[in-house]
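Trainee: Quick one: structure below, then a few questions.
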Amino acid sequence: MELTITEFVMWVLIGSAGLVMACALLSRYLHGRVERRGLLRRVICRLCLHAFEDSSRDRVVKCPACGALTGKARR
Ligand SMILES: [Zn+2]
């Protein structure tokens, strides 16, 4: 089969568009996962509204800004 330059360019364009699309979907998927994990750890102090992340499994965590004990929202 003979490939003309037009066909070649067309296939390159289709291929790169598909690659870009795949990369965009992948990065969006990974980003969403990281964000969801961050949200699970996010705690907002009920006293001073300071937002911080806590990776421990404790139900009640101590606010690093004011020291008040804050219960994590159950999800
Ligand atoms: Zn606080």
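Read the figures in this text as sums done on the coordinates, not as results from a lab. Bear in mind the structure is a predicted one, so any value in this text is a computation, not a measurement. Please note: Cβ atoms are built from the backbone with ideal geometry, for glycine as well, and neighbour counts cover all protein chains shown.
Trainee: Could you give me the residue pairs with C-beta distances under 6 Å whose first residue belongs to segment 25-42 and is within 17 Å of Ser56 (Cα to Cα), whose second residue is surrounded by 10 or more Cβ atoms within 10 Å (Cβ to Cβ) wherever it lies, and which are 6+ apart or on separate chains?
Mentor: That search, which allows pairs on different chains as well, returns Arg41/Glu53; Arg41/Asp54; Arg42/Glu53.
Trainee: Which of the residues belonging to segment 4-55 are part of a loop (DSSP other than H, G, I, E, B) and surrounded by 10 or more Cβ atoms within 10 Å (Cβ to Cβ)?
Mentor: Looking only at segment 4-55, we keep the residues that are part of a loop (DSSP other than H, G, I, E, B), and these are 4, 45-50, 54-55.
Across segment 4-55, the qualifying residues are Cys45, Arg46, Leu47, Cys48, Leu49, His50, Asp54.
Trainee: Answer with yes or no whether Val61 is surrounded by 10 or more Cβ atoms within 10 Å (Cβ to Cβ) and within 16 Å of the ligand (Cβ to nearest atom).
Mentor: Values: surrounded by 10 or more Cβ atoms within 10 Å (Cβ to Cβ): yes; within 16 Å of the ligand (Cβ to nearest atom): yes.
Considered against the rule, which asks whether it is surrounded by 10 or more Cβ atoms within 10 Å (Cβ to Cβ) and within 16 Å of the ligand (Cβ to nearest atom), Val61 comes out as yes.
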